[in-house]
Amino acid sequence: MSQPDVFPPSEEFVRRARVQGMEGYRALYDDALRDPEEFWGDVARREVHWFEPWKTVLDWQPPAAQWFVGGKTNVSYNCLDRHLDGPRKNKVAIQWEGEPGEQRAITYLDLHRLVVRFASVLKARGHKAGDRAIIYMPMIPEAVVAMLACTRLGIIHSVVFGGFSAEALKARIQDLGAAAVITADGGYRRGKEIKLKPAVDEALEECPTVRDCIVYRRTGSETTMKDGRDLWWHDLDETATEDCPAVPLDSEHPLFVLYTSGTTGKPKGILHTTGGYLTYVTATMKWVFDLREEDTFWCNADIGWVTGHSYVVYGPLSAGATGVLYEGAPDYPAFDRWWRIVEKYRVNILYTSPTAIRALIRQGEQWPNGHDLSSLRLLGSVGEPINPAAWEWYHRVIGKGRCPIVDTWWQTETGGILIAPMPGAVPLKPGSGTLPMPGLLPAIVDIKGNEVVPGQEGFLIMRRPWPSMIRTIWGDPERYKEQYWSQIPGAYFTGDAARCDEDGYYWVLGRVDDVMNVSGHRLSTMEVESALVKHAAVAEAAVVGKPHEITGQAVCCFVTLKKGAHDHTALGKELRNWVAHEIGAFARPEEIRFTDALPKTRSGKIMRRLLRELVTNKTVAGDVTTLEDMSVINTLAAQHDED
Ligand code: PRX
């Protein structure tokens, strides 16, 4: 393999960086390696306000971790109240822009007031620590307010991405047994109103635990409200008080549950807790994004995903940053919307996904080139491996060759960034997340758990616990143990394949399980299959990820139909819409292929591996000895040639 290009940080960047040069990084890393508990104790004391100090930094009884045991803190207090006694009081916390063009600059003091008022409303309605609330909102400041108001009282929130369907929403509300749903009439995307309340109404027909459905009026369109259940946010605000202090909570008090796709059809609720999560996201905000007081930071992930939790809301606010929040699409009204925003708010740090970059590349350089992007000093990437062409364009066209790119590897389960360069320290290699954060001990192992030699591919695992790690799967501790801690005893199994090069740099290659990565969104093949077989015409379905130029992977479905006459063209369209309705528009399959049979093993298991190979390489060369009927794969391959 040829040596990749290496991009060391410029002297200018190093001079002003928080962590300077490889010596700076090594010192931190070695410190943490030597005595992790002392290291994390120092970080937690420095980065977080504690109402009561902890007694033990870590209680580790694999796979159960407790961090900062006995300590009491509150996330909302750390993101708001503690900034009000100093120069950040009147600093802008959120620069919001609605898709139609409205602007709101919300200071820390303003945000504090909004959160206290909304928390007082929740409290008055009897919602309290340990209860669950679902947040299903567009990208508006009130979504952040709702999250912080929950954390102020210890209510466990679960944000459901606004693109999820009523079905998906219902499953999450039911799994959590939520007592409140906080939503809006709708939001704007590509110039149109996307309604949210009708999906909530549909979901709530079968959610008896929900007492309150609070609706923020964002678009003002016609909205049906159900008596005794639905309440307008603005009506409740009239009863709000400004006396609602943050509740001191145990460090291990559950903070939020975020559902993500696993290897089965049922999404799993990843549970994160308070003190460790807050410590870790605050620290990585500074290490990875080299945050300075005067920076304007823009992470444009949706708050419905973990990136939105950790690096739109909790990390930036806890670190006292000014963050940009934009409601709409990157291409509305034209392909330069993001670059307009960077220019207008003089954004210094931009954090986005390879999918978004590839979509923008396709539109041409004239869009960014028409704007002054000179405020940018650092770029970030997350969600999937970044391919060299996307890296080069991001670096040259957006960063003008000046801005380091931090390629950050992490997961919903990890809570925060685990592998990424500290930009003033670590020379970059395009496509590599480079080196681990302090206190993390990754390894690449084979199926037996033996470490492989540098350069060889294997499973990425973590040998040590870290403060923002997943604590359990909501309601399913067995699945937690089985999925993350059983493959390689004593280590956290990421589900990713990776290799480590001679310099100790990590190169993540992708998932090793039946999880697809579509536009940086995690989607399980089984989830799509379950949705398909719910359709009356479908007998059986097998779903695989197919390489896609823009979205990384696309959903490709092989479907066998029940007996009867079918119009394949019409049914193909119907099934694509069906999946979008069952899961959400982002899961809409790119392709539906009808087939008389699916490749199976003799014991009847669908061999997705062969289908994956077929859609990737157009032929099947892999091991087919367990295949029951070879003619199935030959027929599928022949069909492929005709396409
Ligand atoms: O396969 C890895 C990929 O995304 C998965 C995690 O997805 P999710 O939980 O939705 O979180 C996404 C945002 C943190 C990982 O298992 N992934 C994430 N970041 C990278 C990545 N693959 C390669 N490089 C990355 N920087």
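The values are calculated or read from the model by the stated rules, or taken from the named source; none is laboratory data. Everything quoted here is computed from the prediction, not taken from an experiment. Heads up, the Cβs are rebuilt from the backbone with ideal geometry, glycines too, and the neighbour counts pull from every protein chain shown. Quick note on the areas: whole protein, heavy atoms, side chains included, nothing else; ligands and nucleic acids left out. Shrake-Rupley method; radii C 1.70, N 1.55, O 1.52, S 1.80 Å.
Which condition number in (1) without any contact (Cβ under 8 Å) to a residue 24 or more places away in the chain; (2) in contact with a helix residue (DSSP H, G or I) (Cβ under 7 Å, 6 or more places away or on another chain); (3) assigned by TED's automatic domain parsing to the domain that holds Tyr188 is the one that Asp110 fails?
The failed condition is (2).
Quick check on my filter: what residues within the stretch 471-499 are closer than 18 Å to Lys266 by Cα and of a type in the set (A, V, I, L, M, F, W, C)?
Ile473, Trp474
May I ask you to list the residues in the stretch 536-560 that are surrounded by fewer than 18 Cβ atoms within 10 Å (Cβ to Cβ) and within 17 Å of Asn577 (Cα to Cα)?
Hits for the stretch 536-560 are Ala536, Ala537.
Could you please find all residues in the stretch 227-253 being among the hydrophobic types (A, V, I, L, M, F, W, C), over 18 Å from Leu84 (Cβ atoms) and assigned to a loop (DSSP other than H, G, I, E, B)?
Residue satisfying the conditions is Ala240 alone.
Any idea which of (1) open to solvent by less than 10 Å² (accessible area, probe 1.4 Å); (2) away from the ligand (no atom under 16 Å from the Cβ); (3) within 28 Å of Val144 (Cβ to Cβ); (4) touching a helix residue (DSSP H, G or I) at 6+ places or on another chain (Cβ under 6 Å) is the one His371 doesn't satisfy?
(1)
Is there any pair with a first residue in the stretch 510-522 that is at pLDDT 90 or above and a second that is in a loop (DSSP other than H, G, I, E, B) whose Cβ atoms are under 6 Å apart and which are 6 or more apart or on different chains, and what are they?
Pairs that qualify, where the first residue is at pLDDT 90 or above and the partner is in a loop (DSSP other than H, G, I, E, B), are Asn517/Glu384; Val518/Thr551.
Go through (1) open to solvent by 10 Å² or more (accessible area, probe 1.4 Å); (2) away from the ligand (no atom under 16 Å from the Cβ); (3) in a helix (DSSP H, G or I) and name the single condition Arg172 misses.
With respect to (1) open to solvent by 10 Å² or more (accessible area, probe 1.4 Å); (2) away from the ligand (no atom under 16 Å from the Cβ); (3) in a helix (DSSP H, G or I), Arg172 is out only on (2).
Step by step: first the residues of the stretch 479-496, then only those that are hydrophobic (A, V, I, L, M, F, W, C) and over 19 Å from the mean Cα position of the chain (by Cα), then the one that is surrounded by the fewest Cβ atoms within 10 Å (Cβ to Cβ). Which residue is that?
Of everything passing the filter in the stretch 479-496, Trp485 is surrounded by the fewest Cβ atoms within 10 Å (Cβ to Cβ).
Starting from residues that are in a loop (DSSP other than H, G, I, E, B) and touching an Asp or Glu at 6+ places or on another chain (Cβ under 8 Å), keep the ones in the stretch 342-376 and report whichever is nearest to Thr551 (Cα to Cα).
Among those residues, the one meeting the criterion is Ser353.
Can you give me the ranges of the strands (runs of 3 or more DSSP E) entirely in the stretch 476-556 with at least 1 residues that are more than 24 Å from Tyr259 (Cβ to Cβ) and within 14 Å of the ligand (Cβ to nearest atom)?
492-500, 506-511
Filter the stretch 593-629 for residues that are assigned to a strand (DSSP E or B) and not hydroxyl-bearing (Ser, Thr, Tyr); which is nearest to Leu561 (Cα to Cα)?
Residue satisfying both the conditions and the ranking: Phe594.
Filter the stretch 39-62 for residues that are more than 20 Å from Pro438 (Cα to Cα), surrounded by fewer than 21 Cβ atoms within 10 Å (Cβ to Cβ) and not polar (S, T, N, Q) and give the result.
If the condition is that a residue be more than 20 Å from Pro438 (Cα to Cα), surrounded by fewer than 21 Cβ atoms within 10 Å (Cβ to Cβ) and not polar (S, T, N, Q), then His49, Trp50, Phe51, Glu52, Pro53, Lys55, Pro62 are the ones that fit.
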